[in-house]
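A quick write-up on the structure given underneath.
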Amino acid sequence: PMAKFPGAPLVPTGNPIADGVGPAAYAERADVPDRLFSGEPRILPLRALPAFHVAERDPDPRGMALFAGDREAVGTIVDVWVDRAEYVIRYLEAEIPGAGSPRRVMIPMGFARFEPRRRRVIVDALYAKHFPGVPALAHPDRITLLEEDKVMGYFGGGLLYAAPRRAEPIV
């Protein structure tokens, strides 16, 4: 707590983007996928959905370069994850090069900004150094409720904690 009164706001003590407090907070939801009425997983990648596609008039992000908020190139978008109950894109899946082998991370669609003419996607919430810490999925073709909350919390935390100046007053 930042003060000695009940209900005082919590201050992160380690990595503020991953500590799970403030804008980086997440709920301990069930570690199972959200399901359709039929029992099948609700959110899946396009690679597992042959009947789904990106509309022709919309930019297909697959193959686009991924840039962080500091304008560093951090990877490539490799797939699109679709919410089959609402017919919307929920996540972009990006491949991030790393020590030894590339790693796949999920980017919530609300944090992505497209520049289709330049064939790139920009995520202002995080800087390049933060992408290796994006919470991983346990299964490559499924996302659980808990994993969704952790990913959203991580990106939400980046909005305030990615740079010290973001946590300061604007005035």
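Helix 145-161 and the long axis of the chain differ in direction by around 50°, with both axes built from C-alpha atoms. Applying the Karplus relation 6.51 cos²θ - 1.76 cosθ + 1.60 with θ = phi - 60° to region 42-54 yields 3J(HN,Hα) values of 6, 10, 9, x, 4, 4, 9, 10, x, 7, 9, 7, 7 Hz, where x marks Gly and Pro.
Under the convention that each Lys and Arg Cβ holds +1 and each Asp and Glu Cβ holds -1, the size of the dipole of region 87-153 around its Cα centre is about 340 debye. Give the Debye-formula value of log10 I(q)/I(0) at each listed q (0.09, 0.21, 0.23 Å⁻¹), with one equal scatterer per alpha carbon of region 50-171, two decimals each. Those come out to -0.25, -1.29, -1.48, one per q.
How much of the accessible area of region 1-123, probe 1.4 Å, is carbon plus sulfur, in whole percent? Let's see the in-between values first.
Numbers: 3940 of 7410 Å².
For region 1-123, the apolar C and S fraction of the accessible surface comes to 53 percent.
Taking all protein chains into account, the per residue accessible area for the chain stands at 58 Å² (1.4 Å probe). Once all protein chains are placed together, residue 134 keeps about 0 Å² accessible to a 1.4 angstrom probe. In region 81-127, a dipole from Cβ-located charges (positive for Lys and Arg, negative for Asp and Glu) runs towards its positive end, and of 106, 88, 116 it is 116 whose Cα lies farthest in that direction. Remark: the residue 96-residue 58 segment gains 11.3 nm on full extension, using 0.36 nm per residue and subtracting the alpha carbon distance. Overall, the chain carries a charge dipole of about 400 debye about its Cα centre when +1 sits on the Cβ of Lys and Arg and -1 on the Cβ of Asp and Glu, all other atoms neutral.
The values are calculated or read from the model by the stated rules, or taken from the named source; none is laboratory data. Since we're looking at a predicted model, the values are computed, not measured. Here the Cβ is made from the backbone with ideal geometry for all residues, glycine too, and neighbour counts use every protein chain on show. Ligands, DNA and RNA are excluded from the accessible area calculation, which covers all protein heavy atoms including side chains. Shrake-Rupley method; radii C 1.70, N 1.55, O 1.52, S 1.80 Å.
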